[in-house]
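Chemist: This structure is in structure tokens; I'll ask about it shortly.
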Amino acid sequence: MTTMEHPTEATAAASGASATERFHADKSPFEAVKDTPPERVNTLAREVLAAVHSTIRKHNVSYDEYNALKAWLIQVGEDGEWPLFLDVWVEHVVEEVNTSHRTGNKGTIEGPYYAPDAPEQGATGTIPMRDNEDGDPLVWTGRITSTDGKPLAGKVELWHADNDGFYSQFAPDIPEWNLRGTFSTDADGKFEITTIRPAPYMIPTDGSCGKLISAAGWHPWRPAHLHVKVSAPGHELLTAQLYFPGDAHNDDDVADAVKPELILDPKPAEKGGYTIDYGFVLDPES
Ligand code: DHB
Ligand code: FE
């Protein structure tokens with residue numbers, strides 16, 4: 001387990017700094033690409049720059065606009081908002097090209113707020129939450145199977161925002177691991193998770209990403225979502241998010257991460273809250 005400084009303020013700079021710190025703690029991004037041949041780096045870098053050059057020519061970008069861009073790019077780094085910027089506006093296409101071969105479940109972006117090694121809860125369990133956790137209770141049953149229909153002994157890592165749209169470890173005053181848990185499946189591939197329904201999430205608006213959103217006349221909203229990483233031996237890791245029908249931002253997600261296959265069908269439960277039945281089909285590793 002990696003321990004992080006807990007943010008003390010609910011500001012873009014504080015959650016951005018946590019997201020940047022988390023990214024550095026979990027991954028050694030350069031190691032994985034250390035054998036990339038210069039031809040590929042050359043192609044990618046040249047084509048990205050050519051796309052920038054062509055936009056400048058097409059729209060006659062002025063020196064004032066160029067300097068504003070420069071200042072803004074510097075600010076994104078100072079705010080620690082590169083993880084937010086990239087996961088909102090770029091990651092969905094990376095996810096698309098890397099999973100298009102799959103015949104099992106659709107996935108979607110991871111986003112900046114995953115933390116590995118959330119506490120284990122067994123095959124039937126309640127996600128860690130505060131005694132007075134706000135929000136409608138949600139009881140979720142499901143099963144992990146392979147593309148041939150066979151049940152898999154695997155894991156569902158679940159993390160999501162609270163009823164105010166905040167994530168533990170990235171917002172102040174929320175206990176560590178709140179609304180984060182690792183569930184396993186029984187011999188039949190089944191799991192049953194009790195949690196609460198998360199609220200829609202607004203990406204931080206007081207930092208540089210917010211500045212871009214307001215300058216461009218966009219909105220900062222993501223629909224309410226449950227994040228999962230689903231894994232089983234010999235199968236490709238599935239990173240996905242599940243959404244709720246009727247959310248105003250399912251068709252208009254700032255991060256472009258909603259897919260129709262990822263929308264749940266919650267049913268009102270007798271004792272209040274909702275039940276959901278949603279399982280996962282994993283692709284065997286090739
Ligand atoms: C961001 C937050 C999320 O919860 C998410 O799923 C994707 C992106 C963000 O703030 O960048
Ligand atoms: Fe999220």
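The values are calculated or read from the model by the stated rules, or taken from the named source; none is laboratory data. Nothing here was measured: the structure is a model prediction, and the numbers come from that model. All Cβ positions, glycine included, derive from the backbone under ideal geometry; neighbour counts span all protein chains shown. These accessible areas exclude ligands, DNA and RNA; they are computed on the full protein's heavy atoms, side chains included. Shrake-Rupley method; radii C 1.70, N 1.55, O 1.52, S 1.80 Å.
Chemist: Yes or no: segment 23-31 includes at least one residue that is basic (Lys, Arg) and part of a helix (DSSP H, G or I).
Modeler: Within segment 23-31, not a single residue is basic (Lys, Arg) and part of a helix (DSSP H, G or I).
Chemist: Looking at segment 233-260, which of the residues that are surrounded by 11 or more Cβ atoms within 10 Å (Cβ to Cβ) and among the charged types (D, E, K, R) is nearest to residue 205 (Cα to Cα)?
Modeler: 253
Chemist: Could you check residue 200 against (1) more than 16 Å from ligand 1 (Cβ to nearest atom); (2) within 18 Å of the chain's Cα centre (by Cα); (3) touching a residue at least 24 places away in the same chain (Cβ under 8 Å) and say which number it fails?
Modeler: For residue 200, the failing item is (1).
Chemist: Inspect segment 57-65 for any residue being over 21 Å from the mean Cα position of the chain (by Cα), outside any helix (DSSP H, G or I) and surrounded by 12 or more Cβ atoms within 10 Å (Cβ to Cβ) and give the result as yes or no.
Modeler: Within segment 57-65 (the criterion being over 21 Å from the mean Cα position of the chain (by Cα), outside any helix (DSSP H, G or I) and surrounded by 12 or more Cβ atoms within 10 Å (Cβ to Cβ)), the answer is yes, since at least one residue qualifies.
Chemist: Let me ask something else. Please give the number of the condition residue 143 fails out of (1) open to solvent by less than 60 Å² (accessible area, probe 1.4 Å); (2) under 15 Å from residue 281 (Cβ atoms); (3) among the charged types (D, E, K, R).
Modeler: All conditions pass for residue 143, except number (1).
Chemist: Let me ask another. If you scan segment 163-178, which residues turn out to be more than 17 Å from residue 22 (Cα to Cα) and open to solvent by less than 10 Å² (accessible area, probe 1.4 Å)?
Modeler: 165
Chemist: Okay, moving on. Among the numbered conditions (1) modelled with pLDDT under 95; (2) within 16 Å of ligand 2 (Cβ to nearest atom), tell me where residue 80 comes up short.
Modeler: Single failed check for residue 80: (2).
Chemist: I'd like to check something: does segment 219-228 contain any residue that is away from ligand 2 (no atom under 15 Å from the Cβ), within 18 Å of residue 160 (Cα to Cα) and among the charged types (D, E, K, R)?
Modeler: The answer is no; no qualifying residue exists.
Chemist: Looking at 163, 132, 105, 98, which one is more than 17 Å from residue 195 (Cβ to Cβ), more than 12 Å from ligand 1 (Cβ to nearest atom) and either touching a helix residue (DSSP H, G or I) at 6+ places or on another chain (Cβ under 8 Å) or assigned to a loop (DSSP other than H, G, I, E, B) (or both)?
Modeler: Exactly one of 163, 132, 105, 98 is more than 17 Å from residue 195 (Cβ to Cβ), more than 12 Å from ligand 1 (Cβ to nearest atom) and either touching a helix residue (DSSP H, G or I) at 6+ places or on another chain (Cβ under 8 Å) or assigned to a loop (DSSP other than H, G, I, E, B) (or both), namely 105.
Chemist: Still on this model: Kindly check whether there is at least one residue in segment 31-50 that is exposed (fewer than 10 other Cβ atoms within 10 Å of the Cβ), modelled with pLDDT under 90 and out of contact with any Gly (no Cβ under 6 Å at 6 or more places or on another chain).
Modeler: No; the residues of segment 31-50 include none that is exposed (fewer than 10 other Cβ atoms within 10 Å of the Cβ), modelled with pLDDT under 90 and out of contact with any Gly (no Cβ under 6 Å at 6 or more places or on another chain).
Chemist: Does segment 138-149 contain any residue that is over 20 Å from the mean Cα position of the chain (by Cα) and of a type in the set (Asp, Glu)?
Modeler: Scanning segment 138-149, I find at least one residue that is over 20 Å from the mean Cα position of the chain (by Cα) and of a type in the set (Asp, Glu), so the answer is yes.
Chemist: Here is a further query. Among the residues of segment 261-277, which ones are β-branched (Val, Ile, Thr) and surrounded by 19 or more Cβ atoms within 10 Å (Cβ to Cβ)?
Modeler: 276
Chemist: Applying the selection to segment 179-198, what residues are within 12 Å of residue 133 (Cβ to Cβ), open to solvent by 10 Å² or more (accessible area, probe 1.4 Å) and part of a loop (DSSP other than H, G, I, E, B)?
Modeler: 197, the sole residue that qualifies.
The rows are residues; the columns are (1) in contact with a helix residue (DSSP H, G or I) (Cβ under 8 Å, 6 or more places away or on another chain); (2) β-branched (Val, Ile, Thr); (3) surrounded by 13 or more Cβ atoms within 10 Å (Cβ to Cβ).
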residue: 85; (1), (2), (3): yes, no, yes
residue: 93; (1), (2), (3): no, yes, no
residue: 109; (1), (2), (3): yes, yes, yes
residue: 112; (1), (2), (3): yes, no, yes
residue: 125; (1), (2), (3): no, no, yes
residue: 136; (1), (2), (3): no, no, yes
residue: 139; (1), (2), (3): no, yes, yes
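Chemist: While we're here: Residues that are within 16 Å of ligand 2 (Cβ to nearest atom): which strands (runs of 3 or more DSSP E) entirely in segment 231-286 hold 3 or more of them? Spell out the reasoning first.
Modeler: Working: elements: 238-243, 274-277, 280-282.
Output list reads 238-243.
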